[in-house]
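Here is the structure we will look at, set down as structure tokens.
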Amino acid sequence: MSVSSVVPHHIAIVMDGNGRWATRRFLPRLAGHKQGVDALRRCARACAQRGVGVLTVFAFSSENWNRPADEVSGLMELLAMALAREVPQLKKDGARLHFVGERDSLSPKVRDGLGQAEAATADNTRLVLNVCFNYGGRWDIAQAAASLAARGEPITEASLHSAMGLAHVPDPDLVIRTGGEMRISNFLLWQSAYSEFFFSDRLWPDFDDSALDEAIAAYGRRERRFGKTSEQILSAHPDPMPG
Ligand code: IPE
Ligand code: IPE
Ligand code: MG
């Protein structure tokens, strides 16, 4: 069977299941979100070690504002705390942070924190870490179209792509969703057109290196056809000889 290059260059993750992780332990939901930050730190390190070049994670959706006010404010606080705590280590680990999403409705404190974290890691090249925060796939497409229209530029697939939040990286090869739900929940609607999908029943705080390796192995067994036939793919990329 033809295998995709074994390690995906770009992995995107819907980090779902923090609330259930906490509720099962009779803890407040925010305790699950805190564990989620630890899981993200581990996952980013594991991705860099495995040669993944880009990790994009969904941290807060445009729709998550509809959660109870104390959970929303807790998540905003957690983001500010995580930035303060994690950026020095991310800097050492060679990760370059990008935040993708609508910033105007965030508090000035959070907004400044995002900009400072991006500036502090701007020279890093080992791993690009995109954090989608106050992000929605529909928002991204609409804001890209609006910015092109405002500049009087034609709307084409290429121009839309270059005006969207992930213009600085190639499309994700592998999209993982933890937490057992099999839906996209307004994540990378445009960029996931030809991504491979992997759904894990693990709750995000429990998504460890072995779960990541399982997802990468499943990706390696997929045949990405991009509309072509299997025969075309096989004749273009015959299996390398073992050994
Ligand atoms: C994902 O975990 C994190 C965010 C959406 C912020 P959830 O909070 O959705 O966890 P569940 O789905 O309720 O378990
Ligand atoms: C998607 O999870 C958003 C993030 C992981 C940040 P949700 O928990 O918000 O998705 P739904 O509501 O179950 O579709
Ligand atoms: Mg959820």
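The values are calculated or read from the model by the stated rules, or taken from the named source; none is laboratory data. Quantities reported herein were computed from a predicted structural model and do not represent experimental measurements. So basically every Cβ, Gly included, is an ideal-geometry build from the backbone, and we count neighbours across all protein chains shown. Remember, those area values only see protein heavy atoms, side chains included, never the ligands or the DNA or RNA. Shrake-Rupley method; radii C 1.70, N 1.55, O 1.52, S 1.80 Å.
Can you name the residue in the stretch 22-39 that is among the hydrophobic types (A, V, I, L, M, F, W, C) and surrounded by fewer than 23 Cβ atoms within 10 Å (Cβ to Cβ) and, of all such residues, is nearest to G180 (Cα to Cα)?
Residues of the stretch 22-39 that are among the hydrophobic types (A, V, I, L, M, F, W, C), as a first pass: 22, 26-27, 30-31, 37, 39.
Filter once more, keeping what is surrounded by fewer than 23 Cβ atoms within 10 Å (Cβ to Cβ): 22, 26-27, 30-31, 37.
Values: A22: 16, F26: 20, L27: 20, L30: 20, A31: 20, V37: 19 Å.
Among them, the one singled out is A22.
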Practice prompt. For the stretch 45-61, enumerate the residues that are assigned to a strand (DSSP E or B), within 16 Å of Q191 (Cβ to Cβ) and either within 16 Å of ligand 2 (Cβ to nearest atom) or open to solvent by 10 Å² or more (accessible area, probe 1.4 Å) (or both).
Written response: L55, T56, V57, F58, S61
Discussion item. Just to be sure before I move on: is S235 open to solvent by 20 Å² or more (accessible area, probe 1.4 Å), under 27 Å from L97 (Cα atoms), assigned to a helix (DSSP H, G or I) and more than 16 Å from ligand 3 (Cβ to nearest atom) in the structure I sent?
Written reply: no
Discussion item. Conditions first: (1) within 18 Å of S210 (Cα to Cα); (2) of a type in the set (K, R); (3) surrounded by 16 or more Cβ atoms within 10 Å (Cβ to Cβ); (4) in contact (Cβ under 8 Å) with a residue 60 or more places away in the chain. R42 passes all but one, so which condition is the exception?
Written reply: (3)
Practice prompt. Within the stretch 73-122, track down each residue that is in contact with a Ser or Thr (Cβ under 8 Å, 6 or more places away or on another chain) and in a helix (DSSP H, G or I).
Written response: M76, V87, L90, K91
Item to complete: Consider only pairs whose beta carbons are under 6 Å apart and that are at least six residues apart or on different chains; among these, list those whose first residue lies in the stretch 4-27 and is touching a residue at least 40 places away in the same chain (Cβ under 8 Å) and within 8 Å of ligand 1 (Cβ to nearest atom) and whose second residue is hydroxyl-bearing (S, T, Y) and open to solvent by less than 30 Å² (accessible area, probe 1.4 Å).
Response: D16/T178; G17/T178
